[in-house]
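The values are calculated or read from the model by the stated rules, or taken from the named source; none is laboratory data. Owing to the predicted nature of the structure, the values given are computational and were not obtained by experimental measurement. Cβ atoms come from the backbone with ideal geometry, glycine included; neighbour counts cover every protein chain shown. The accessibility values were calculated without ligands, DNA or RNA, using every heavy atom of the protein model including side chains. Shrake-Rupley method; radii C 1.70, N 1.55, O 1.52, S 1.80 Å.
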Amino acid sequence: MPVATLLPFTATPSRKSASPTSFRLTEKFILLLVFSAFITLCFGAIFFLPDSSKLLSGVFFHSSAVETNTRTGPDSSDSGSAGNDERVLAKIKKDHEKALLEAKDTLQKRPDEIKQDIINEKEKVVKESVSQGGKDGNNLPFVEYHRPPGATGHEPLDSETRERRAVVKKMMKHAWDSYRRWAWGSNELRPVSKQGHSSNLFGSIKGATIVDALDTLYIMEMFEEFDAATDWVEKNLDFNVNAEVSVFEVNIRFVGGLLSAYYLSGKEVFRRKAVELGEKLLPAFKTPTGIPWALLNLKSGIGRNWPWASGGSSILAEYGTLHIEFMHLSKLSGNPEFAQKVMNIRKVLNRLDKPQGLYPNYLNPNSGQWGQHHVSVGGLGDSFYEYLLKAWLMSDKTDEEGKKMYYDALQAIETNLMRKSSGGLTYIAEWKGGLLEHKMGHLTCFAGGMIALGADGAPSDKTGHQMEMAAEIARTCHESYARTALKLGPEAFRFDGGVEAIATRQNEKYFILRPEVIETYMYMWRFTHDPKYREWGWEAVQALEQHCKVEAGYSGVRDVYASTPNHDDVQQSFYLAETLKYLYLLFSDDDHLPFDHWVFNTEAHPLPVIKKDKTDRPNEVE
Ligand code: DMJ
């Protein structure tokens with residue numbers, strides 16, 4: 001601003017009307033001199049008077065020194081700055097001494113006392129958060145995360161097992177890298193034509209392989225890959241689709257995969273996504289009985305059943321394979337609705353008469369009556385039985401209803417469906433209106449592992465017997481592999497027309513990288529440590545490497561009896577979720593995902609046991 005514009009205020013009244021330019025030059029000079037002397041005086045006063053720096057900071061800056069002074073008490077203003085300084089120093093000294101005393105006190109404590117203090121402190125924080133209505137950005141309640149033991153393992157001691165385990169990890173790397181290169185974001189990979197593949201089971205939800213593989217990547221300690229998958233989930237996994245999905249498939253692969261990734265890694269994004277998807281599945285239960293529809297449009301919430309399923313029925317293995325994921329959804333979301341929905345399924349089933357104690361595969365969700373009386377421990381029935389047992393185990397053996405339903409059902413299966421061939425192979429047949437079809441599916445082979453897992457909880461006189469049954473089924477399923485040209489198992493094999501454990505129909509000869517036989521080897525190994533199970537698993541590894549591995553991943557084959565493989569060009573997401581995970585665990589020590597802390601969902605996604613005494617908080621201090 002030019003000095004001239006300031007001068008009129010110093011002019012005399014008689015000069016009121018005169019313009020500033022009417023000052024003479026000497027007047028201007030004198031005025032300027034006086035003005036600059038005044039300014040110099042003011043600055044001098046500010047900088048040279050005692051304690052002027054405090055005055056400055058008090059005026060221009062909101063300094064901490066000022067704050068400290070104003071907090072020293074009501075009389076601080078009239079006691080002078082020297083007094084304030086003394087008080088501040090005294091306070092600092094006092095705080096310091098207090099901290100020293102506390103540290104000394106802590107050092108004298110035993111480790112368990114320190115641990116308890118930390119737990120108390122954490123609980124206080126949790127309580128405060130809850131009492132403040134602690135919600136995160138997505139309206140989820142605050143949940144304290146505790147990683148259950150055995151999320152990752154360690155190298156097996158014996159060198160052969162170590163090498164075999166390393167081979168399985170390499171297989172996972174090849175499957176994953178190929179998917180990442182050729183089909184990133186698609187549901188599955190076509191490893192021969194090197195492109196993405198999508199089945200309509202997931203509607204237009206994308207990334208099935210990514211979500212299905214997350215936990216396998218984690219347990220194999222492939223963390224760079226796990227992080228890339230997590231990043232994709234964060235940025236791209238979207239359930240806001242106007243498309244019809246299979247409630248069962250989406251639950252076991254996506255909800256199960258997300259839950260498992262959450263429990264292994266503690267990353268909130270997985271909890272958030274799992275609950276979001278769970279909520280989208282809830283409209284499927286809007287039927288007169290509460291038995292959910294098989295198919296659901298995620299946008300409109302309109303459900304229906306497969307058109308081929310007996311008179312509009314829902315399917316046992318589908319509505320019966322939601323329980324363990326939904327119990328965890330309630331736990332993680334604080335919303336009891338998930339648990340209520342699946343407990344209601346139990347209620348409906350318990351009201352119904354069961355032919356010979358068996359559960360037919362079809363149930364009408366409108367009438368609450370059975371459809372056709374077909375019973376199977378393979379496709380359409382399988383994982384219903386698995387989830388009865390696992391619901392009990394996952395509840396830390398408190399779910400007595402699940403337990404009873406499982407052991408009663410197993411008894412009915414043994415009596416009505418289990419048979420021994422003339423060649424001495426035990427198999428589980430299918431039941432159609434009272435008549436047996438002597439066929440066993442690859443899917444049914446999971447039952448060896450299930451029966452072994454449940455044997456311990458059976459009445460004591462039955463434990464040994466059930467372990468024998470499990471071992472027999474494992475042997476039969478191994479035979480179904482051993483009797484083929486490629487040493488891989490067919491989709492279904494028969495015990496009639498003079499054959500045993502062999503597929504006789506062309507449309508039953510394919511192998512689509514399914515896990516069930518290897519799953520059973522893994523359980524049998526854990527419970528018996530009989531080396532033959534690891535050997536059988538290794539045979540499968542070699543066959544997979546020889547016949548299913550292609551340049552860009554792994555492919556199923558169309559005929560396991562043909563001397564050379566004819567690839568079907570699909571790398572199923574369950575190959576990464578289940579087949580490779582079970583193989584890896586088969587060659588790992590038992591403390592990697594130990595059974596007393598983890599239960600595998602039907603897609604091999606490990607979910608923690610909900611401990612009744614809250615000892616599912618083992619890593620508080622670590
Ligand atoms: C998987 O998606 C699950 O194991 C399911 O329970 C049945 N089959 C496939 C793999 O074969």
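In table form, for the structure just shown:
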quantity: Test: residue in the stretch 168-188 that is within 15 Å of the ligand (Cβ to nearest atom), modelled with pLDDT of 95 or more, in contact with an Asp or Glu (Cβ under 8 Å, 6 or more places away or on another chain) and under 22 Å from Gly153 (Cβ atoms); calculated: no
quantity: Residue check, Gly278 away from the ligand (no atom under 16 Å from the Cβ), of a type outside the set (Phe, Trp, Tyr) and either modelled with pLDDT of 95 or more or under 23 Å from Lys390 (Cβ atoms) (or both); calculated: yes
quantity: Options Leu393, Leu443; residue that is within 16 Å of the ligand (Cβ to nearest atom), touching a residue at least 60 places away in the same chain (Cβ under 8 Å) and touching a helix residue (DSSP H, G or I) at 6+ places or on another chain (Cβ under 9 Å); calculated: Leu443
quantity: Qualifying residue in the stretch 570-588 (condition: more than 16 Å from the ligand (Cβ to nearest atom) and acidic (Asp, Glu)); calculated: no
quantity: Cβ pairs under 6 Å, 6+ apart, first in the stretch 241-263 and more than 15 Å from the ligand (Cβ to nearest atom), second open to solvent by 10 Å² or more (accessible area, probe 1.4 Å) and among the basic types (Lys, Arg); calculated: Asn242/Lys299; Leu258/Lys273
quantity: Test: residue in the stretch 372-379 that is open to solvent by less than 30 Å² (accessible area, probe 1.4 Å), away from the ligand (no atom under 16 Å from the Cβ), at pLDDT 95 or above and more than 17 Å from Trp293 (Cα to Cα); calculated: yes
quantity: Cross-chain or 6+ apart pairs with Cβ under 7 Å, the stretch 588-603 first and within 17 Å of Arg253 (Cα to Cα) and in contact (Cβ under 8 Å) with a residue 60 or more places away in the chain, then part of a loop (DSSP other than H, G, I, E, B) and within 16 Å of the ligand (Cβ to nearest atom); calculated: Thr602/Thr321
quantity: Candidate set from the stretch 489-526 (those that are in a loop (DSSP other than H, G, I, E, B) and among the aliphatic types (A, V, I, L, M)); member that is farthest from the ligand (Cβ to nearest atom); calculated: Val499
quantity: First in the stretch 324-353 and free of Cβ contacts under 8 Å to residues at least 40 places away in the same chain, second anywhere and of a type in the set (Ser, Thr, Tyr), Cβ under 6 Å, 6 or more apart; calculated: Pro336/Ser330; Ala339/Ser330
quantity: Any hit, the stretch 312-333, residues being more than 30 Å from Phe142 (Cα to Cα), more than 16 Å from the ligand (Cβ to nearest atom), open to solvent by 40 Å² or more (accessible area, probe 1.4 Å) and of a type in the set (A, V, I, L, M, F, W, C); calculated: no
